[in-house]
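Trainee: I have a structure I would like to understand better, so I am pasting it below and will then ask my questions one at a time.
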Amino acid sequence: QVQLVESGGGLVQPGGSLRLSCVASGFTFSRYAMKWYRQAPGKQREWVASIGSIGNTNYADSVKGRFTISRENAENTIYLQMNSLKPDDTAVYYCNSYYRADYWGQGTQVTVSS
């Protein structure tokens with residue numbers, strides 16, 4: 001029932017920006033906190049940002065000040081605005097919900113390279 005569809009990734013030069021989207025379905029979206037994770041080759045999946053059901057946000061130190069998470073409950077969508085991108089941001093980005101933390105989408109690839 002749960003479906004998470006990430007999109008918006010691509011190839012961008014250092015210092016550039018991307019906006020990722022995650023469209024969720026199969027649960028009452030507005031009731032649950034949502035999170036963004038990322039996983040680079042050879043590394044563990046790491047938490048990037050979260051947004052609560054009331055809109056409170058938290059960020060990993062590595063992205064704080066550069067990334068912004070937001071949600072549009074009417075669209076069952078969360079976003080990740082990524083600015084000042086660095087090569088270390090290269091990873092597959094995934095969204096996740098507290099409703100079913102074991103459900104993951106296919107992710108969207110972000111590559112930061114000149």
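The values are calculated or read from the model by the stated rules, or taken from the named source; none is laboratory data. Bear in mind the structure is a predicted one, so any value in this text is a computation, not a measurement. Please note: Cβ atoms are built from the backbone with ideal geometry, for glycine as well, and neighbour counts cover all protein chains shown. For the accessible areas, the whole protein counts, side chains as well, though only heavy atoms, and no ligand, DNA or RNA atoms are used. Shrake-Rupley method; radii C 1.70, N 1.55, O 1.52, S 1.80 Å.
Trainee: Nothing charged except the Cβ atoms of Lys and Arg (+1) and of Asp and Glu (-1): what's the magnitude of the dipole of the chain about its Cα centre? Round to the nearest 20 debye. The partial results should precede the final answer.
Mentor: Numbers: 11 positive and 8 negative charges, 24 e Å.
Rounded to the nearest 20 debye, it is 120 debye.
Trainee: Where only protein heavy atoms count, and the probe is 1.4 Å, what is the accessible area per residue for region 42-114 in Å²? Walk me through the numbers before you get to the answer.
Mentor: Working: 4050 Å² over 73 residues.
Spelled out: the 1.4 Å probe surface of region 42-114, per residue, equals 55 Å².
Trainee: Å³ per residue of the Cα convex hull, for region 6-54? Don't skip to the end; give the middle numbers.
Mentor: Working: hull volume 5.7 nm³, N = 49.
In region 6-54, the Cα hull volume divided by residue count equals 115 Å³.
Trainee: Taking the Cα atoms of region 67-114, report the difference between the largest and smallest coordinate on each principal axis, in whole Å and largest first.
Mentor: Extents along the principal axes, in whole Å: 37, 22, 13.
Trainee: Quick check: at a probe of 1.4 Å, how many percent of the accessible area of region 42-113 sits on carbon and sulfur atoms?
Mentor: Details: 1660 of 3910 Å².
Carbon-and-sulfur percentage of accessible area, whole number: 42.
Trainee: Sticking with this one: Hey, any idea what the orientation-averaged projected area of the convex hull of the chain's Cα atoms comes to, in nm²?
Mentor: Details: hull surface 25.9 nm².
Here the figure is 6.5 nm², rounded to one decimal.
Trainee: Let me ask something else. With the contact rule set at Cα under 8 Å and sequence spacing of 6 or more, what percent relative contact order holds for region 37-109? Spell out each step's value before the answer.
Mentor: Working: 90 pairs, mean separation 18.8, N = 73.
The normalised contact order for region 37-109 reaches 26 percent.
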